[in-house]
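Presented below is the structure to which this report refers.
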Amino acid sequence: MNANTSPARIDFNTPALQRKRRIRAFKDHLTRWYVGVGGLAVLAAITLIFFYLAYVVLPLFQGASLTKKADYTPSWAAELGKPLLLSVEEQNEIGLFLDKQGQAVFFSVADGAERQRFQLPLPTGASISAIGEDQPGSQRFVLGLSNGQALVVQAGTKVSYPNDQKLVEPVLNYPYGNSPLTLDPQGRALEHVGVAAGDESLLLSASVGSEVLVLNVTEESNMFTGETTLTEERIALPQIADPIKAVIVEPRQQWLYVINGRATADVFNLRSKQLLGRYKLSEDGNVEVTSASLLLGGISLMVGDSKGGIGQWFMVRDKDDNFALKHIRQFQQGDAPIVQVSAEQRRKGFVALDQAGQLGVFHSTAERTLLIEPLQGGAQALALSPRANRVLSVDDKGEFHLQRLDNKHPEISWSSLWSKVWYETYDKPEYIWQSTAANTDFEPKMSLAPLTFGTLKAAFYAMLLAAPLAIAAAIYTAYFMAPAMRRKVKPVIELMEALPTVILGFFAGLFLAPYVENHLPGIFSLLILTPLGILLAGFIWSRLPENIRLSVPAGWEAAILIPVVLATAAFALSISPTLEVAFFNGDMRLWISNDLGITYDQRNALIVGLAMGFAVIPNIFSIAEDAVFSVPKSLTYGSLALGATPWQTLTRVVILTASPGIFSALMIGMGRAVGETMIVLMSTGNTPLMEANLFEGMRTLAANVAVEMPESELGSTHYRVLFLSALVLLSFTFVMNTLAELIRQRLRVKYASL
């Protein structure tokens, strides 16, 4: 080549290269925008999910409201005067007005037009001196007469469809005959009456002065003639010395509450015919009882007083297993005396009317005051419709006021969701989730506390198994294992993540749970002997001749542990029957239950920990292994070159540098465990318990939503509480991930200088 000849120059600015650079730049911008838009879309979707859940949940915490519907003054009302009883039927079409002379007027609720009038069959010369209602929803009441007799009346309606037009007709029946029953043979006027009608008997109670009268009426039917005969039995009770203000019979006909003028209640056991005890209804000596009635179901006694308070009482068992009347909770409406307490017929709510004409709307279980508002005209009587969506009141001028009551979700409050609640028939406050029942007077128990506790319990036991195994395996695989072996091990472990959780749950519930129950000593021996076997194998390996140890390539030593682990597991499970006979009288489960007093369920937290831990391990392992493997080799080699041992390099350089990634792996695994549904659903008894016991099951928030959402009524309180469960899960995951990211960033900054 000629020395003066210059080398050929390469042109990097040809049209082809320019076109390639433009295409590359376009792809780079497109990818950047695509990833950015995708990330923003994910954030927007999560935000929309959060706001949608909040939108569904917010109505749970709204109060009640009244809306005016109609005002009218019917002409017939001026003839009758003050109502003795005022009620509205279920269709909100017909109301009942009863006066002291025994005239029952059925009228149109919308405009007050008279529909039908009945004259009750009162004996000649007798008038109504008292009235008492049966449990809410029965539409049954008893009239106490001035001659010592009582008449039981059943009000109702009959719905028909003549010419395809709905027709609601009033009906008035006398289930125990038109002739009144005699309560006081002396013919004295009954001052207070109570009634409880069961399937086979009728129990009437009354008071005259300080004397309590009780009559038990049994109805018997002749199988051949069909005739019905009434058998009367008088129940003699111990007398009390104080004037009586109310007598109330519990629907199950076991308890009789006699309330006197000194704000005390005498409780009689009608089965033993004895006085159970006297209970003070107020610690304030100046307070008088002004109203008393039963809540839906007849278990709770609602007592209104002269200072605007309303107390809830019901019978509970004390520490000696004896019944006692217990004050459960207190509501305050104002300062005026409570004149009427009306219970809802489908929920554990009630409304109260005070002397100042104020209406209060409350819910007992949620201990919630939903509304306190003055009624128009200062009402002297009110009626709450069976669906609790209409309030009909009458003022002292005889004017009727119809209002719409909007009170959709009174059962929920912060305390009922997260605090202990004293439910009816329970001996103490408890955390309970029980959303449905067979009877109509059921008290919903929607505490999220046991579900949240179960969620954390399941996640804790799963992480207790998964975290140490996954992190240790990740560190060993990334740092010590030979590359060829790592290329085989890592895909196999990551392949475990593809196993459907429903299969794991199915396997855990049908095979693992009974197997663990039958091999408890072997399972616990396995947990103890496996690490001991590995340590023993390592010790023996270190004492073998050098030529044997060097025959195994570096990084392949872990393969030697496979037969060790399998042999240890086989040995532990094989000695399970021997251990069970030697130490636990042949049955470790019975020993745990009887000797230790620990409840054992076949599908318990131990099964969940094993199954869900197996499912979480791949998530934690994969991320943690990548974090450890990504530590720059220059740091490792530099540490070893300075004289540090491989173990010192691992603990003081590698793990610290990889700690943000390891922490992220743990948080992602924790999130997976918290949100897991199918494994928990199939491998536990789904019992919402607040117990940390390893041998008891639980119910998690996710599993509860999966089980009950298909059966919940759209828009109901139950439906919205399930959405609240989902919101709690989403919020928990969001908070955990946010904290994890903050901690991860701090760890990255702290160890960035390594």
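The values are calculated or read from the model by the stated rules, or taken from the named source; none is laboratory data. Keep in mind that this is a model prediction, so the values were computed, not measured. Ideal geometry is used to build each Cβ from the backbone, glycine not excepted, and the neighbour counts take in all protein chains shown.
Here ASP184 meets the list (1) within 38 Å of the chain's Cα centre (by Cα); (2) surrounded by 13 or more Cβ atoms within 10 Å (Cβ to Cβ) almost entirely, failing just condition (1).
Among the residues of the stretch 719-732, is any touching a helix residue (DSSP H, G or I) at 6+ places or on another chain (Cβ under 7 Å), surrounded by 18 or more Cβ atoms within 10 Å (Cβ to Cβ) and without any contact (Cβ under 8 Å) to a residue 24 or more places away in the chain? Yes: the stretch 719-732 contains one or more residues that are touching a helix residue (DSSP H, G or I) at 6+ places or on another chain (Cβ under 7 Å), surrounded by 18 or more Cβ atoms within 10 Å (Cβ to Cβ) and without any contact (Cβ under 8 Å) to a residue 24 or more places away in the chain.
Within the stretch 105-149, being closer than 18 Å to ASP184 by Cα, within 45 Å of the chain's Cα centre (by Cα) and free of Cβ contacts under 8 Å to residues at least 60 places away in the same chain holds for one residue alone: LEU143.
Identify all residues within the stretch 584-598 that are over 15 Å from ASN693 (Cβ atoms), in a loop (DSSP other than H, G, I, E, B) and not aromatic (Phe, Trp, Tyr); write none if there are none. ASN585, GLY586, ASP587 - these are the residues of the stretch 584-598 that are over 15 Å from ASN693 (Cβ atoms), in a loop (DSSP other than H, G, I, E, B) and not aromatic (Phe, Trp, Tyr). As a summary of the residue check, THR568 satisfies the conditions (1) exposed (fewer than 15 other Cβ atoms within 10 Å of the Cβ); (2) at pLDDT 90 or above; (3) β-branched (Val, Ile, Thr) except for the one numbered (1). I need every pair where a residue in the stretch 652-677 that is among the acidic types (Asp, Glu) has its Cβ under 8 Å from the Cβ of a residue that is outside any helix (DSSP H, G or I), sequence separation at least 6 or different chains. Qualifying pairs under 8 Å: GLU676/THR700. Set side by side, the residues PRO410, PRO450 differ, and just one is under 30 Å from GLU250 (Cα atoms) and either crowded, with 21+ Cβ neighbours inside 10 Å or among the charged types (D, E, K, R) (or both), which is PRO410. Quick check on the stretch 733-746. Is at least one of its residues over 30 Å from ILE592 (Cβ atoms) and touching a Gly at 6+ places or on another chain (Cβ under 6 Å)? Scanning the stretch 733-746, I find at least one residue that is over 30 Å from ILE592 (Cβ atoms) and touching a Gly at 6+ places or on another chain (Cβ under 6 Å), so the answer is yes. Here GLY661 fulfils each of the conditions (1) assigned to a helix (DSSP H, G or I); (2) surrounded by fewer than 20 Cβ atoms within 10 Å (Cβ to Cβ); (3) not polar (S, T, N, Q) apart from (2).
Within the stretch 247-266, being at pLDDT 90 or above, hydrophobic (A, V, I, L, M, F, W, C) and either assigned to a loop (DSSP other than H, G, I, E, B) or out of contact with any Gly (no Cβ under 6 Å at 6 or more places or on another chain) (or both) holds for TRP255, LEU256, VAL258, ILE259, ALA265.
Where strands (runs of 3 or more DSSP E) sit wholly within the stretch 174-235, those with at least 2 residues that are touching a residue at least 12 places away in the same chain (Cβ under 8 Å) and among the acidic types (Asp, Glu) occupy 211-221, 228-235. If the condition is being over 18 Å from LEU456 (Cβ atoms) and either more than 24 Å from the chain's Cα centre (by Cα) or not charged (D, E, K, R) (or both), then the stretch 598-609 contributes ILE598, THR599, TYR600, GLN602. Screening ASP321 on (1) on the phi < 0 side of the Ramachandran plot; (2) out of contact with any Pro (no Cβ under 6 Å at 6 or more places or on another chain); (3) not small (Gly, Ala, Ser) shows it passes everything except condition (1).
Quick check: is even one residue across the stretch 688-696 crowded, with 19+ Cβ neighbours inside 10 Å, touching a Ser or Thr at 6+ places or on another chain (Cβ under 6 Å) and not in a helix (DSSP H, G or I)? Within the stretch 688-696, one or more residues are crowded, with 19+ Cβ neighbours inside 10 Å, touching a Ser or Thr at 6+ places or on another chain (Cβ under 6 Å) and not in a helix (DSSP H, G or I). Close contacts from the stretch 570-583, counting a first residue that is closer than 16 Å to GLY533 by Cα and a second that is of a type in the set (S, T, N, Q) and assigned to a helix (DSSP H, G or I), with Cβ to Cβ under 6 Å and a gap of 6+ residues or different chains, come to ALA572/SER525. Each residue in the stretch 236-247 was checked for being without any contact (Cβ under 8 Å) to a residue 60 or more places away in the chain and closer than 20 Å to ALA197 by Cα, and 3 of them qualify. Pick from the stretch 429-447 the residues that are in a loop (DSSP other than H, G, I, E, B) and charged (D, E, K, R): which of them is surrounded by the fewest Cβ atoms within 10 Å (Cβ to Cβ)? By that ranking, first place goes to ASP441. For the stretch 596-618, state whether one or more residues are small (Gly, Ala, Ser), over 20 Å from PHE453 (Cβ atoms) and in contact (Cβ under 8 Å) with a residue 60 or more places away in the chain. Yes, that holds for at least one residue.
Pairs are defined by a Cβ separation below 9 Å, a sequence spacing of at least 6 or placement on different chains, a first member in the stretch 416-428 that is crowded, with 19+ Cβ neighbours inside 10 Å, and a second member that is outside any loop (DSSP other than H, G, I, E, B) and among the aromatic types (Phe, Trp, Tyr); the pairs so defined are GLU424/PHE314. Only residues that are touching a Phe, Trp or Tyr at 6+ places or on another chain (Cβ under 9 Å), crowded, with 22+ Cβ neighbours inside 10 Å and part of a loop (DSSP other than H, G, I, E, B) were counted in the stretch 603-641, giving 1.
A quick yes/no check of all residues on (1) closer than 21 Å to GLN254 by Cα; (2) hydroxyl-bearing (Ser, Thr, Tyr):
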site	(1), (2)
SER291	no, yes
LEU295	yes, no
ASP320	yes, no
GLY334	no, no
PHE350	no, no
ALA356	no, no
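Applying a threshold of 6 Å to beta carbon distances and a minimum spacing of six or more residues, or different chains, the list of pairs starting in the stretch 465-494 at a residue that is buried (at least 20 other Cβ atoms within 10 Å of the Cβ) and ending at one that is in a helix (DSSP H, G or I) and among the acidic types (Asp, Glu) reads ALA474/GLU625; THR477/GLU625; ALA478/GLU625.
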